[in-house]
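Written below as structure tokens is the structure these notes are about.
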Amino acid sequence: MPTAVPPSSSSSPSSLSSPTEPVPGAADLLPGVVRVEREIAAPKSTAVADRGRPRRRAAFRPDIEGLRGLAVLSVLAFHAAVPGLTGGYIGVDIFFVISGFLITGMLTGRPLGLRDFAARRARRILPAAATVLVATAAAGGALLDPLRGTDLARDLIAAAGQFANWRFVGQQTDYLAAERDPSPLQHFWSLGVENQFYLLWGVLLLGLARYLHGRRRTLAITLATAAIGVVSLVLCLRWTQTSAPLAYFSTGSRLWEFAAGAGAALLGGVLAARAERRPVRWSLRLLGWLGLAAVLAPLFLYDRTTPFPGAAALLPVLGTTAVLLAGHHPPGGADAGGLLAARPLRAAGRLSYAWYLWHWPVLTIAQARYGALPWTALVALTAAAALPAWLTLRLVEQPLRYGSSPAPRRGLAVGASALVIPLIAALTLGGGTVRALGGTADTPAVAPAGAVDGPGLLAPGARVLTLTPSLARAREDFPPGKGCEIPLNADSSPRCLFGAEDSPDRIVLLGDSHAGQWISAALAMAEQRHWALEVLVKPGCPLATLTVRNNVLGRTFEECDRWRENTLTRLTSGPKPRLVLMAGLNRYGSPEERTEGWTRTLDRLTALGAPLAYLGDTPMPGKDIPTCLAASDGRSDACFFPRDTAFEPDPLLDGGLAARYGVRTLDLGPLLCPGAGPSCPAVLEGVVLYRDTGHITDTLARVLAPRLDKGLLGVAGGAAAPGSPATPGSPAAGQP
């Protein structure tokens, strides 16, 4: 829709005027919103003075508006799970390039103070974002359960403060917190990246403009752009291999995309001066078509398994850069810009910022409320989000941008208000959820006494009057020694000892995060005997010798194979363990692959000559249990999950491997999913069993400690005499 735009200057007739229209974007598993600005149509005869030299206004480029429309539509289709558009997440990269192109053209094209620049950015970015943040807070408070509301309140603070990308870096690299539903504000990560880029670029370019002039300034800007781009690209390539969340969300790994657009802006003046020559004109047209093909191809060729951004981001970034450069030739003829300038694409481009801000909260809140929806319903919701987007554009963006004083102080005041109001909404929402949950995550959980054996979870006479741990605490009810669960890119465990650390006698807890969830129970076993507990765990890494793919890294989990080898070798040095306690997720590979993998691992472990014990995997709910309980007002009979998906065939419990290798086993499945009905409970005798979609609460681990002691060491509550560990090959515990 046409808008009134104030005039601006530019560095050359072919360069762009001040950016004004924001654009969103998204990437791989998580969405993103990127705003850039729209160049302004103005009569070419108009000119302003820049240090005494006249500069002509740039002509409006409809191809860029259409390119924004193409990118945002592909991103929306990706989030709506439209079949075929599996690589629509590359839209965020397209918008980063456009943003670097337009902002660099503006900053190098006219005199501008830092306060003026900041005020313009605040007017353009923050009012619409604040509107969506406040609306999302209101909708979240009304429609989401209190736990999701608590998370949303924290996300609101990060999004309003423009550091949402770093919050999500921390969350996604924290394995213990990774199994949660996406935030309704997760798309604000890219807005944070872009605003951090604006801060860096504004200070850099305006600083150089203050102290350097003419060719010296141009050379300095070119060298700075190249240096920042190269360093950022190296970080991007490296982090994509070692820390995908850091590569995906961080500013450092994305700056090279802005730098590519900045380079196109710096080169644009040279091309514009030669565009009248026929060879140059035809070359630019060919470049435009090749660039558009490079932008379109990933939409269909990439998918969720593509390591991203990394080297895969080069194709859409270079393609977008080529399209921007190709626009520096006179109009006419069959060119890619003409295709991009189609009215439907331009209409989507004009609405892109507000539409993207609105669509993701609509999709996530709807699915949190009603469960997974088919792609057709997601498309309908995405289309419906265009209405509040249009209203935001007409009633918020345009009036605040064009209907008030252009003085920098007024723009900064608008920006400050747009920051403070969402913060107030976040505090209000957070306070309401704390009252609804009846406490905070800092409230410690007291574990009731657990039964030593038998069908009951708790010891005779033990009672739980309220849910334990509380719903406010359940998600944070982690085992001690969080640092023992090493990062995904690490291939060796640190020295991680508990209990009597100087004792030569130790229990070794070995496996992945489903082994790490037993730290408290294993520590209780060790402390009774004045032994040490050594924890050797790696998240997502099976102890069975088989190679797996890690979805967070987006590739084969090579670090897992190295960690397993290093750990098995490490166990051969030092005193022989009194007990090697194995546990882990029983879902890696096929049943046949698990059997072969465990056979290879057990061949290595039995050579140690130490007693071996195995804990069968706990039931897998497959849904966020604390969130489900919060949504059902904490009813203990709620949130049952299917028995037939809770268990997988276990080579040690069901396949005879335990008897062959003399491994003592304990299967807690019949205790945690009692009876023979079709469902398993999420709460037993008042104890909340799971802290997320598949890990047990630390409270449950402490409740089960006496049962593990008797089942694995053969002692009920007493200390075994030194030198008398459990005998390998003793009968499997079977029923607890």
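Answer yes or no as to whether Val72 is not in a helix (DSSP H, G or I) and not small (Gly, Ala, Ser).
It is false that Val72 is not in a helix (DSSP H, G or I) and not small (Gly, Ala, Ser).
For the list (1) open to solvent by less than 30 Å² (accessible area, probe 1.4 Å); (2) assigned to a helix (DSSP H, G or I), I need the number of the one condition that Thr306 fails.
The failed condition is (2).
If you go through segment 661-673 one residue at a time, how many are assigned to a loop (DSSP other than H, G, I, E, B) and either in contact with a strand residue (DSSP E or B) (Cβ under 6 Å, 6 or more places away or on another chain) or open to solvent by less than 10 Å² (accessible area, probe 1.4 Å) (or both)?
Residues that pass the stated criteria total 3.
Just to be sure I understand, how many residues within segment 530-562 are modelled with pLDDT of 95 or more, polar (S, T, N, Q) and in a strand (DSSP E or B)?
Qualifying residue count, segment 530-562: 0.
In segment 458-479, what residues are open to solvent by 30 Å² or more (accessible area, probe 1.4 Å), part of a loop (DSSP other than H, G, I, E, B) and closer than 25 Å to Ser513 by Cα?
Leu467, Ser470, Glu476, Phe478
Can you pull out every residue in segment 674-709 that is of a type in the set (A, V, I, L, M, F, W, C), more than 21 Å from Pro479 (Cβ to Cβ) and either part of a helix (DSSP H, G or I) or open to solvent by 30 Å² or more (accessible area, probe 1.4 Å) (or both)?
Once the filter is applied, which keeps residues that are of a type in the set (A, V, I, L, M, F, W, C), more than 21 Å from Pro479 (Cβ to Cβ) and either part of a helix (DSSP H, G or I) or open to solvent by 30 Å² or more (accessible area, probe 1.4 Å) (or both), segment 674-709 yields only Ala676.
Filtering segment 561-593 down to residues that are touching an Asp or Glu at 6+ places or on another chain (Cβ under 8 Å) and of a type in the set (D, E, K, R), which residue is nearest to Pro542 (Cα to Cα)?
Ranking the qualifying residues of segment 561-593, first place goes to Arg587.
Where in segment 568-656 are there helices (runs of 4 or more DSSP H), lying wholly inside it, with at least 3 residues that are surrounded by fewer than 18 Cβ atoms within 10 Å (Cβ to Cβ) and out of contact with any helix residue (DSSP H, G or I) (no Cβ under 7 Å at 6 or more places or on another chain)?
Here the list reads 591-606, 643-646.
Give me the pairs: first residue in segment 613-625 and over 21 Å from Pro577 (Cα atoms), second residue among the aromatic types (Phe, Trp, Tyr) and surrounded by fewer than 23 Cβ atoms within 10 Å (Cβ to Cβ), beta-carbon distance under 7 Å, and six or more apart or on different chains, which are they?
Cβ pairs passing all conditions: Pro619/Phe647; Pro621/Phe641; Gly622/Phe641; Lys623/Phe641.
Do we find a residue being farther than 30 Å from Phe117 by Cα, open to solvent by less than 30 Å² (accessible area, probe 1.4 Å), at pLDDT below 90 and not acidic (Asp, Glu) anywhere in segment 435-444?
Yes.
Test Asp512 against the stated conditions and say whether it is within 22 Å of Ala544 (Cα to Cα) and buried (at least 21 other Cβ atoms within 10 Å of the Cβ).
yes
Sort through Ala118, Ala122, Ala77 and tell me the only one that's closer than 30 Å to Tyr302 by Cα and either modelled with pLDDT of 75 or more or in a helix (DSSP H, G or I) (or both).
Going through Ala118, Ala122, Ala77 in turn, the sole match is Ala77.
Does Thr547 satisfy the criteria of being surrounded by fewer than 21 Cβ atoms within 10 Å (Cβ to Cβ), under 20 Å from Asn489 (Cβ atoms), free of Cβ contacts under 8 Å to residues at least 40 places away in the same chain and in contact with a strand residue (DSSP E or B) (Cβ under 7 Å, 6 or more places away or on another chain)?
When the stated conditions are applied, Thr547 passes them.
Which count do you get for residues in segment 80-99 that are in a helix (DSSP H, G or I) and of a type in the set (Ser, Thr, Tyr)?
Count: 2.
Here is a list: Gly319, Gly229. Which entry is at pLDDT 90 or above and farther than 21 Å from Asn165 by Cα?
Going through Gly319, Gly229 in turn, just one is at pLDDT 90 or above and farther than 21 Å from Asn165 by Cα: Gly319.
Mind checking which residues of segment 367-398 are of a type in the set (Gly, Ala, Ser) and buried (at least 18 other Cβ atoms within 10 Å of the Cβ)?
Correct list: Ala368, Ala385, Ala389.
I'm checking my understanding of the structure. Among residues of segment 553-567 that are polar (S, T, N, Q) and in contact (Cβ under 8 Å) with a residue 60 or more places away in the chain, which one is most open to solvent (accessible area, probe 1.4 Å)?
Looking at the filtered set, the residue picked out is Asn566.
Working only within segment 470-506, note down all residues that are touching a Cys at 6+ places or on another chain (Cβ under 9 Å) and at positive phi.
If the condition is that a residue be touching a Cys at 6+ places or on another chain (Cβ under 9 Å) and at positive phi, then Gly481 is the only one that fits.
Per-residue answers, yes or no, for (1) over 23 Å from Arg148 (Cβ atoms); (2) without any contact (Cβ under 8 Å) to a residue 60 or more places away in the chain; (3) not hydrophobic (A, V, I, L, M, F, W, C):
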site: Leu191; (1), (2), (3): no, no, no
site: Ala209; (1), (2), (3): yes, no, no
site: Arg215; (1), (2), (3): yes, yes, yes
site: Ile228; (1), (2), (3): yes, yes, no
site: Ser232; (1), (2), (3): yes, yes, yes
site: Thr242; (1), (2), (3): yes, no, yes
site: Ala265; (1), (2), (3): yes, no, no
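Being closer than 15 Å to Thr108 by Cα, open to solvent by less than 40 Å² (accessible area, probe 1.4 Å) and of a type outside the set (A, V, I, L, M, F, W, C): is that true of Gly202 here?
Here the answer is yes, as Gly202 does meet what is asked.
Scan Gly207, Gly252 and give me the residue that is surrounded by fewer than 21 Cβ atoms within 10 Å (Cβ to Cβ) and part of a loop (DSSP other than H, G, I, E, B).
Gly252
Given the criteria open to solvent by 40 Å² or more (accessible area, probe 1.4 Å), of a type outside the set (Gly, Ala, Ser) and touching a residue at least 40 places away in the same chain (Cβ under 8 Å), does Trp289 qualify?
yes
So which residues in segment 78-117 are surrounded by fewer than 23 Cβ atoms within 10 Å (Cβ to Cβ), small (Gly, Ala, Ser) and within 23 Å of Thr222 (Cα to Cα)?
Residue satisfying the conditions is Gly113 alone.
Among the residues of segment 585-599, is any at pLDDT 95 or above, within 20 Å of Gln517 (Cα to Cα) and in contact with a strand residue (DSSP E or B) (Cβ under 6 Å, 6 or more places away or on another chain)?
no
If you go through segment 343-353 one residue at a time, do you hit one that is outside any loop (DSSP other than H, G, I, E, B), modelled with pLDDT of 90 or more, among the aromatic types (Phe, Trp, Tyr) and out of contact with any Lys or Arg (no Cβ under 6 Å at 6 or more places or on another chain)?
No, the conditions are met nowhere in segment 343-353.
The values are calculated or read from the model by the stated rules, or taken from the named source; none is laboratory data. Bear in mind that the values here come from a model prediction, so they are computed numbers and not experimental data. Note: ideal-geometry Cβ built from the backbone for every residue, glycine included; neighbour counts use all protein chains shown. When the accessible area is computed, the model is the full protein with side chains, heavy atoms only, and any ligands, DNA or RNA have been set aside. Shrake-Rupley method; radii C 1.70, N 1.55, O 1.52, S 1.80 Å.
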